[in-house]
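Worksheet: one structure, shown below.
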Amino acid sequence: MERHEQARQIREQQEQAYQASLRADQEKEEKARQERERQQREQEEEDRQLRLKAEKIEAKKRRRQQLRENLAAEPDAGEPDLVKISARLPGGDRVMRRFRAGDSVQTLYDFLESLELAPIPPEADVVVVTSYPRRALTERGLTLRDCGLFPSATVAVEEADEEEDGVD
């Protein structure tokens, strides 16, 4: 009888060891599955971000082309109430252009965004800032005169910060 009891205890110990090993294997497999799913989600999110970036770049290229095609001609130098803007581009180049004092800040943005603004990434937004006192021109509905750019001004084109404060 003692042998039977010992054999039963050994079988119980073996069964417990087997069950513990099985649980450990199942836990490892579950962790591996969760890790694969996490990596797949990360890859899908990365792919989605890349697609969004490519779409934004393509949309910006189309917009730049539209702006070039629809940009109003520069006013003649003899016209009254002209605003002369000297703009420093991100690459260090300067561009000068005349606008009417009643033109909106959006017109200035449209002109500047029609230009090549490297090294600003094509998908990034830009902000136009005055040199002194330094302030961002974010109220695009205002006229150039209302923004204090009449009769002439120097501005810079910069990459917009994510948390651009929008102070005008």
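The values are calculated or read from the model by the stated rules, or taken from the named source; none is laboratory data. Because the structure is predicted, anything quoted here is derived from the model rather than measured. Glycine gets a Cβ as well: all are built from the backbone with ideal geometry, and neighbour counts include every protein chain shown. These accessible areas exclude ligands, DNA and RNA; they are computed on the full protein's heavy atoms, side chains included. Shrake-Rupley method; radii C 1.70, N 1.55, O 1.52, S 1.80 Å.
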(request) May I ask you to compute the full-extension gain from ASP146 to ALA32, defined as 0.36 nm times their residue separation minus their alpha-carbon distance, rounded to one decimal in nm? (result) 34.8 nm
(message) Calculate the FRET efficiency for ALA77 and VAL129 from the Cβ-Cβ distance with a Förster distance of 30 Å, rounded to the nearest 0.05.
(response) 0.70
(request) Select from THR107, GLY78, LEU50 the residue farthest towards the positive end of the dipole of the chain; place +1 on Cβ of Lys and Arg, -1 on Cβ of Asp and Glu, and compute about the Cα centre. (result) GLY78
(request) Round to the nearest 10 and give me the degree value, 0 to 90, for the angle of helix 2-70's Cα axis relative to the longest principal axis of the chain. (result) 10
(message) Give me the percent of accessible area attributable to carbon and sulfur for the range 1-147, probe 1.4 angstrom.
(response) 48
(message) Relative contact order for the chain: what percent, with Cα pairs under 8 Å and sequence separation of 6 or more?
(response) 22
(message) Rounded, prolate or oblate for the range 84-147? Axes are the square roots of the Cα gyration tensor eigenvalues, ordered a ≥ b ≥ c, and the cut-off for rounded is a/c under 1.5.
(response) prolate
(request) Extending each Cα 7 Å along its Cβ direction at MET96 and THR154, get the distance between those two points in nm, one decimal. (result) 1.2
(request) Ignoring everything but the protein chains, give the 1.4 Å probe accessible area of GLU5 in square angstrom, nearest 10. (result) 80
(request) Rank these residues by their accessible area, most exposed first, probe 1.4 Å: VAL95, VAL83. (result) VAL95, VAL83
(message) Can you tally the net charge around LYS56? Count Lys and Arg as +1, Asp and Glu as -1, for every other residue whose Cβ sits under 12 Å from the Cβ of LYS56.
(response) +2
(message) Under the rule a/c < 1.5 gives rounded, and otherwise a/b versus b/c splits prolate from oblate, where does the chain land using the Cα gyration tensor?
(response) prolate
(request) With a 1.4 Å probe and every protein chain left in place, work out the accessible area per residue of the chain in Å², rounded to a whole number. (result) 71
(request) Return the calculated 222 nm mean residue ellipticity for the chain, to the nearest 500 deg cm²/dmol, obtained by summing -39500 (n - 2.57) across DSSP H runs with n ≥ 4 and dividing by the residue count. (result) -17000 deg cm²/dmol
(request) Would you kindly state how much longer the chain becomes between ARG68 and ARG48 on full extension, computed as 0.36 nm times their sequence separation minus their alpha carbon distance, in nm to one decimal? (result) 4.2 nm
(message) Testing the spin-label approximation: label points 7 Å from Cα along Cα→Cβ at HIS4 and TYR18. State their distance in nm.
(response) 2.1
(request) Please get the size of the charge dipole for the chain, origin at its Cα centre, with Cβ charges of +1 on Lys and Arg and -1 on Asp and Glu, quoted in debye to the nearest 20. (result) 420
